[in-house]
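A.B. asks: After the structure tokens below, expect a handful of questions from me.
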Amino acid sequence: MSADIEVTARAAALLKELKERHGALLFHQGGGCCDGSVPLCLKQNEFRIGSRDTLLGFVDEDTPFYLGSGQPEQVAQRGLVLDVVDGDTERFSVEAADGVYFVSRPQWGACGKE
Amino acid sequence: MATAVNQSSIQDVLETLHKAGVRSRYENYIGGKWVPPTTGRYFVSQSPINAEPICEFARSGPADVEKALDAAHAVREKWGHTSPADRATILLKIADVVEQNLETLALAETLDNGKPIRETRAADMPLTVDHFRYFAACIRAEEGALSDIDNDTVAYHFKEPLGVVGQIIPWNFPLLMAAWKLAPALAAGNCVVIKPASNTPLSLMLFAQLVGDLLPPGVLNVVTGPGGEIGKALASNKRIAKIAFTGETTTGRLIMQYASEPIIPQTLELGGKSPNIFFADVMDADDDFLDKTLEGFALFALNKGEVCTCPSRALVQESIYDKFMERAVARVKKIKVANPLDPTSMMGPQVSKEQITKILDYIRIGREEGAQCLTGGERAHLGGDMENGYFMEPTVFAGDNKMRVFQEEIFGPVVSVTKFKTLEEAIEIGNDTPYGLGSGVWSRNMNNTYRVGREIKAGRCWTNCYHVYPAGAAFGGYKESGFGRETHKMILDHYQQTKNLLVSYSTKAMGFF
């Protein structure tokens, strides 16, 4: 599966900085409850990817984006935009201490699937 | 849908709260004192009603979690050895104080979270009170057990507290979810370090302010700050004996990984996509029961849909589908979206800008994957000072269970409706989800309700009712919704160790050596 993941300039800059600080990273988007269906940015050696996770694609050359639940085919078909917003998050994502967090949104009208 | 309540009423409520003793800034509550965060930093909590600031809270760092753990460990032994009668007495006093301050707590919760005041007055706060009373009773009545292994050998089983436990609370029921976790933990003799969600810390800080003195210093410690930083510092800490978490699934998996290092127990509640199943016989008569059933359909809008057990999938038997949906949609259209401080408001704003953005994205996804929007589907504009509030229209989609709006938890006032022909098909569709927290079934035929209730893989099946949460009925998930059970005396086992003394009353050697 190879989803088109569009990374905003702000998200790309933050990811670059986080990689310098933490080393190799990955994104994992789960579901459920209060802060569900949003991506967590985690150290690659911190989170164990399982057989039920789907590799959606790559955010940059060495940062994979996994989906832990939901409908991977449909999500991939639509494509994602990875962005950063200001605020605090409850998710255990590496950017949390900086008062910002990653969000993912569908790529509206970007994939010719309208 | 808009009402004439304006900013001034929100300011009035803030003034009322300040007169009742609510502070404009809260430090952490550690060791029975208000302790400024080591970071020296604070964050502002906004009301989702108008996106205006209401209170400041400590923006703590990991060092503050360590401070709280120090305070908890200092009193751990002493608190663990208090008698169940003493602990029960304290829990009853906590319940009394919450009850005496019910109106203040209800106002604070509504202002901070946006849930309608009629819900905080009638549900969140009374249930919180009752929860402490229930666990006071449970711990007072609890007994160890003994087994006669043989004529000379007895196995004694004692219940012991775990020690210091960590608890992470979500933003959808800020005080009630805290009560669900605190009451059994304290009853069982544990010390607690608890973290409210950053969107909604006010009611738990106010709770600490009101009842903190009833507990020995260090038994209850509340630390605020970004979950991603201090929640993680707490959950991955080697000095906790157990972690309880309600939140999203990736973080839940991380918590399980952390817990695998010190090998500590966890209880996790991680969301749902609960089916609400309506059999044709609900329309056999146009009576009170049908009226109750239609309310049961509309209950997806309770707490603005921000409930892990939100009945966000409705399964309606094909033979009544058209006429039932006509009545159901009409019922949903009567939902009054208004300032949640207005006692007639049935639905307040979503908790945050992020939340309403996500809900609107899902509504767009639903439309594009072919789901038919039967009502709602837009942001609700209340105008005036509440134009910046995060208000949604309650939304009903009709479609297919394979669609994303049927499979992914939206956590908003959106229900996705589909049809079924037979009981077997209802069970199949109901179970076609990664989650298993809640479910509902409506029928005048108790053979239907019993069979569906037993076959749906979810921790609870509400039968001819929905969204009731009495203490004494176990609550928790199957499948990806997590594990562990709350709101029942059995959760005491999740906060206790079992000590077995295996005692021989024989004077004879075993004869092996």
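A.B. asks: Quick test for you: out of B:Leu204, B:Leu215, B:Leu234, B:Leu220, pick the one residue that is in contact with a helix residue (DSSP H, G or I) (Cβ under 9 Å, 6 or more places away or on another chain) and within 18 Å of B:Met125 (Cβ to Cβ).
C.D. replies: B:Leu204
A.B. asks: Quick check, is B:Asn303 more than 14 Å from chain A (Cβ to nearest Cβ), under 29 Å from B:Glu119 (Cβ atoms) and polar (S, T, N, Q)?
C.D. replies: For B:Asn303, the condition - more than 14 Å from chain A (Cβ to nearest Cβ), under 29 Å from B:Glu119 (Cβ atoms) and polar (S, T, N, Q) - is not met.
A.B. asks: Shifting gears a bit: Are any residues in the range B:398-427 within 14 Å of another protein chain (Cβ to nearest Cβ), assigned to a loop (DSSP other than H, G, I, E, B) and under 25 Å from B:Asn339 (Cα atoms), and if so, which ones?
C.D. replies: B:Ile410, B:Phe411, B:Gly412
A.B. asks: Does B:Val75 satisfy the criteria of being touching a Pro at 6+ places or on another chain (Cβ under 7 Å) and surrounded by fewer than 18 Cβ atoms within 10 Å (Cβ to Cβ)?
C.D. replies: It is false that B:Val75 is touching a Pro at 6+ places or on another chain (Cβ under 7 Å) and surrounded by fewer than 18 Cβ atoms within 10 Å (Cβ to Cβ).
A.B. asks: Mind telling me which of the residues B:Ser83, B:Ser60 ends up being buried (at least 22 other Cβ atoms within 10 Å of the Cβ), of a type in the set (S, T, N, Q) and more than 17 Å from B:Ala179 (Cβ to Cβ)?
C.D. replies: None of the others qualify; the one that does is B:Ser60.
A.B. asks: Further question on the same structure: Quick check on my filter: what residues within the range B:463-484 are under 18 Å from B:Phe411 (Cα atoms) and among the charged types (D, E, K, R)?
C.D. replies: B:Glu480
A.B. asks: For A:Lys113, which of the numbered conditions (1) at the interface with chain B (Cβ under 9 Å from one of its Cβ atoms); (2) at pLDDT 90 or above; (3) over 14 Å from the mean Cα position of the chain (by Cα) fails to hold?
C.D. replies: (2)
A.B. asks: Output the residues belonging to the range B:369-397 that are in a strand (DSSP E or B) and of a type outside the set (S, T, N, Q).
C.D. replies: Hits for the range B:369-397 are B:Cys373, B:Leu374, B:Arg379, B:Met392, B:Val396, B:Phe397.
A.B. asks: Could you check the range B:355-373 and list, in sequence order, the residues that are in contact (Cβ under 8 Å) with a residue 12 or more places away in the chain, touching a Phe, Trp or Tyr at 6+ places or on another chain (Cβ under 8 Å) and either farther than 11 Å from B:Met392 by Cβ or within 11 Å of chain A (Cβ to nearest Cβ) (or both)?
C.D. replies: B:Gln355, B:Lys358, B:Ile359, B:Gly366, B:Ala371, B:Gln372, B:Cys373
A.B. asks: So, in the range B:177-226, of the ones that are part of a helix (DSSP H, G or I) and of a type outside the set (A, V, I, L, M, F, W, C), which residue ends up farthest from the other protein chains (Cβ to nearest Cβ)?
C.D. replies: Per the criteria, the residue is B:Asp213.
A.B. asks: Exactly one condition in (1) assigned to a helix (DSSP H, G or I); (2) farther than 23 Å from B:Ser352 by Cβ is false for B:Asn237; which is it?
C.D. replies: (1)
A.B. asks: In addition: Within the group B:Tyr156, B:Tyr134, which residue is in a strand (DSSP E or B), assigned by TED's automatic domain parsing to the domain that holds B:Met490 and surrounded by fewer than 24 Cβ atoms within 10 Å (Cβ to Cβ)?
C.D. replies: B:Tyr156
A.B. asks: Sticking with this one: In the range B:46-57, how many residues are surrounded by fewer than 20 Cβ atoms within 10 Å (Cβ to Cβ) and in contact with a strand residue (DSSP E or B) (Cβ under 9 Å, 6 or more places away or on another chain)?
C.D. replies: Result for the range B:46-57: 4.
A.B. asks: Just to be sure I understand, how many residues within the range B:459-483 are free of Cβ contacts under 8 Å to residues at least 60 places away in the same chain, among the small types (Gly, Ala, Ser) and surrounded by fewer than 20 Cβ atoms within 10 Å (Cβ to Cβ)?
C.D. replies: Counting residues in the range B:459-483 that are free of Cβ contacts under 8 Å to residues at least 60 places away in the same chain, among the small types (Gly, Ala, Ser) and surrounded by fewer than 20 Cβ atoms within 10 Å (Cβ to Cβ) gives 2.
A.B. asks: Filter the range B:227-239 for residues that are over 24 Å from B:Leu175 (Cβ atoms) and within 10 Å of another protein chain (Cβ to nearest Cβ) and give the result.
C.D. replies: Answer for the range B:227-239, where residues must be over 24 Å from B:Leu175 (Cβ atoms) and within 10 Å of another protein chain (Cβ to nearest Cβ): just B:Ser236.
A.B. asks: Here is a follow-up. What residue, of B:Ile255, B:Ile240, is at pLDDT 95 or above and more than 30 Å from B:Phe420 (Cβ to Cβ)?
C.D. replies: On inspection, the qualifying residue turns out to be B:Ile240.
A.B. asks: Filter the range B:240-272 for residues that are in a loop (DSSP other than H, G, I, E, B), more than 8 Å from every other protein chain (Cβ to nearest Cβ) and either buried (at least 24 other Cβ atoms within 10 Å of the Cβ) or in contact (Cβ under 8 Å) with a residue 40 or more places away in the chain (or both) and give the result.
C.D. replies: Scanning the range B:240-272 gives B:Ile240, B:Ala241, B:Pro265.
A.B. asks: Within the range B:468-513, can you find the residues that are among the aromatic types (Phe, Trp, Tyr) and assigned to a strand (DSSP E or B)?
C.D. replies: Result: B:Phe475, B:Tyr478, B:Phe483.
A.B. asks: How many residues does the range A:2-34 contain that are of a type in the set (Ser, Thr, Tyr) and surrounded by 19 or more Cβ atoms within 10 Å (Cβ to Cβ)?
C.D. replies: The number of residues fulfilling the criteria is 0.
A.B. asks: A further question on this structure: Inspect the range B:439-458 for any residue being within 14 Å of chain A (Cβ to nearest Cβ) and either surrounded by 22 or more Cβ atoms within 10 Å (Cβ to Cβ) or part of a loop (DSSP other than H, G, I, E, B) (or both) and give the result as yes or no.
C.D. replies: Looking for residues that are within 14 Å of chain A (Cβ to nearest Cβ) and either surrounded by 22 or more Cβ atoms within 10 Å (Cβ to Cβ) or part of a loop (DSSP other than H, G, I, E, B) (or both), one finds at least one in the range B:439-458, hence yes.
A.B. asks: Which condition does B:Arg25 not pass, out of (1) surrounded by fewer than 20 Cβ atoms within 10 Å (Cβ to Cβ); (2) within 30 Å of B:Ala188 (Cβ to Cβ); (3) among the basic types (Lys, Arg), if it passes all the others?
C.D. replies: Only one criterion in (1) surrounded by fewer than 20 Cβ atoms within 10 Å (Cβ to Cβ); (2) within 30 Å of B:Ala188 (Cβ to Cβ); (3) among the basic types (Lys, Arg) is unmet by B:Arg25, namely (2).
A.B. asks: Tell me, yes or no, whether the range B:408-415 has at least one residue that is surrounded by 14 or more Cβ atoms within 10 Å (Cβ to Cβ) and on the phi > 0 side of the Ramachandran plot.
C.D. replies: Scanning the range B:408-415, I find at least one residue that is surrounded by 14 or more Cβ atoms within 10 Å (Cβ to Cβ) and on the phi > 0 side of the Ramachandran plot, so the answer is yes.
A.B. asks: Still on this model: Does B:Glu229 count as buried (at least 21 other Cβ atoms within 10 Å of the Cβ) and within 20 Å of the chain's Cα centre (by Cα)?
C.D. replies: Against the criterion (buried (at least 21 other Cβ atoms within 10 Å of the Cβ) and within 20 Å of the chain's Cα centre (by Cα)), B:Glu229 does not qualify.
The values are calculated or read from the model by the stated rules, or taken from the named source; none is laboratory data. All figures in this text were calculated on a predicted structure; none of them were measured in a lab. Every residue, glycine as well, gets a Cβ built from its backbone with ideal geometry; the counts of neighbours run over all protein chains shown.
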